[in-house]
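Reading through the structure tokens given below for one structure.
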Amino acid sequence: MKIYTKRGDKGETSLIGGTRVSKHHLRIESYGTIDELNSYIGLIRSHEIDEAQKLVLKEIQDRLFTIGSSLASDPERSKMKIPDLYESDITLLEEEIDKMNEVLPPLKHFILPGGDLPVASCHLARCVCRRAERITVHLSGESFVDEKVLSYLNRLSDYLFVLGRKISYDDKIEENIWVPRL
């Protein structure tokens with residue numbers, strides 16, 4: 001299989017289903033941002049963090065491929081069977097957030113991004129996740145998007161924030177709190 005096809009040289013690409021769209025189409029922007037997010041999740045996984053967290057992150061990467069497939073499909077023309085996102089995928093994120101929050105000190109301040117490379121990677125992924133969510137919400141105003149995708153992205157950004165806090169906690173890194181100047 002060739003990596004290059006030359007069919008996109010004029011700024012268009014195909015959705016699953018065959019529809020040709022501009023590479024700046026909202027659907028392309030949405031799944032491209034999901035792909036970027038998936039790369040940041042891979043960056044988090046490359047750090048020395050808890051193996052259980054790495055397994056959850058791998059599961060998240062798999063779900064992001066599922067979401068990308070959904071977003072890359074023309075909802076009106078695609079006949080291809082693509083993987084489904086389940087409510088249990090959202091529940092997993094909620095359970096993981098709750099588990100981490102059981103040991104974390106209560107959040108009383110906004111947290112400035114940073115701490116160390118794994119924590120900063122969580123913050124970067126969280127920001128990209130929020131952008132992916134915004135773009136996908138915009139897309140959902142124009143075309144079909146499975147509601148579970150929006151819920152998953154919303155929950156995932158929360159998960160990534162709490163994961164950053166948990167990694168800080170585990171590594172005994174003081175959280176960098178924001179104290180506004182008044």
Problem set entry | For the chain, accessible area per residue (1.4 Å probe, heavy atoms of protein chains only), Å² | 60
For this session: Could you pull out every residue, at least 5 positions away or on a different chain, whose amide H is within less than 5 Å of the one on Ile111? Hs are placed 1.01 Å off N in the peptide plane, and Pro or chain starts have none.
Result: Trp178
Exercise. Tell me, what is the 1.4 Å probe accessible area of Glu29, in Å² to the nearest 10?
Worked result: 80
Exercise. What order, most packed first, do the peptides 39-48, 160-169 have when packing is the mean number of other Cβ atoms within 10 Å of each residue?
Worked result: 160-169, 39-48
Exercise. Once both axes come from the Cα atoms, what is the angle between helix 26-45 and the longest principal axis of the chain, in degrees from 0 to 90, rounded to 10?
Worked result: 40
Exercise. What value, in deg cm²/dmol to 500, does the helix sum -39500 (n - 2.57) over DSSP H runs of n ≥ 4 give at 222 nm once divided by the residues of the chain?
Worked result: -20000 deg cm²/dmol
Seminar exercise, completed: Expressed as a percent, the accessible surface of the stretch 16-141 that is carbon or sulfur, using a 1.4 Å probe and the full set of protein chains, is 56
Exercise. To the nearest 10 square angstrom, what accessible area does Cys127 show with a 1.4 Å probe?
Worked result: 70
Exercise. Which label marks the calculated value of mean projected area of the Cα convex hull in nm², given the options (1) 10.7; (2) 14.9; (3) 13.1?
Worked result: (3)
Exercise. Using alpha carbons only, how many degrees (0 to 90, rounded to 10) separate the axis of helix 87-103 from the longest principal axis of the chain?
Worked result: 20
Exercise. Put Lys99, Lys6 in order of accessible area, largest first, 1.4 Å probe: what do you get?
Worked result: Lys6, Lys99
Seminar exercise, completed: Judged on accessible area alone, 1.4 Å probe, highest first, Thr33, Thr19 line up as Thr19, Thr33
For this session: Could you sort out which of Lys23/Lys54; Lys10/Lys81; Lys58/Lys148; Lys2/Lys54; Lys23/Lys148 sit more than 23 Å apart by Cα distance in this structure?
Result: Lys23/Lys54; Lys10/Lys81; Lys2/Lys54; Lys23/Lys148
Problem set entry | Loop-located GluC sites (Glu not before Pro) in the stretch 93-148, at most 10 other Cβ atoms within 10 Å (DSSP) | Glu142
For this session: For His109, tell me the accessible area in Å² from a 1.4 Å probe, rounded to the nearest 10.
Result: 90
For this session: Round to the nearest 10 and give me the degree value, 0 to 90, for the angle of helix 117-140's Cα axis relative to the longest principal axis of the chain.
Result: 40
Exercise. Given H placed 1.01 Å from N in the peptide plane, which residues other than close sequence neighbours of Ser73 have an amide H under 5 Å from its amide H?
Worked result: Ile16
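The values are calculated or read from the model by the stated rules, or taken from the named source; none is laboratory data. Treat the numbers as computed from the prediction; the structure is a model and nothing was measured. So basically every Cβ, Gly included, is an ideal-geometry build from the backbone, and we count neighbours across all protein chains shown. Surface areas here come from the heavy atoms of the whole protein model, side chains and all, with no ligands, DNA or RNA. Shrake-Rupley method; radii C 1.70, N 1.55, O 1.52, S 1.80 Å.
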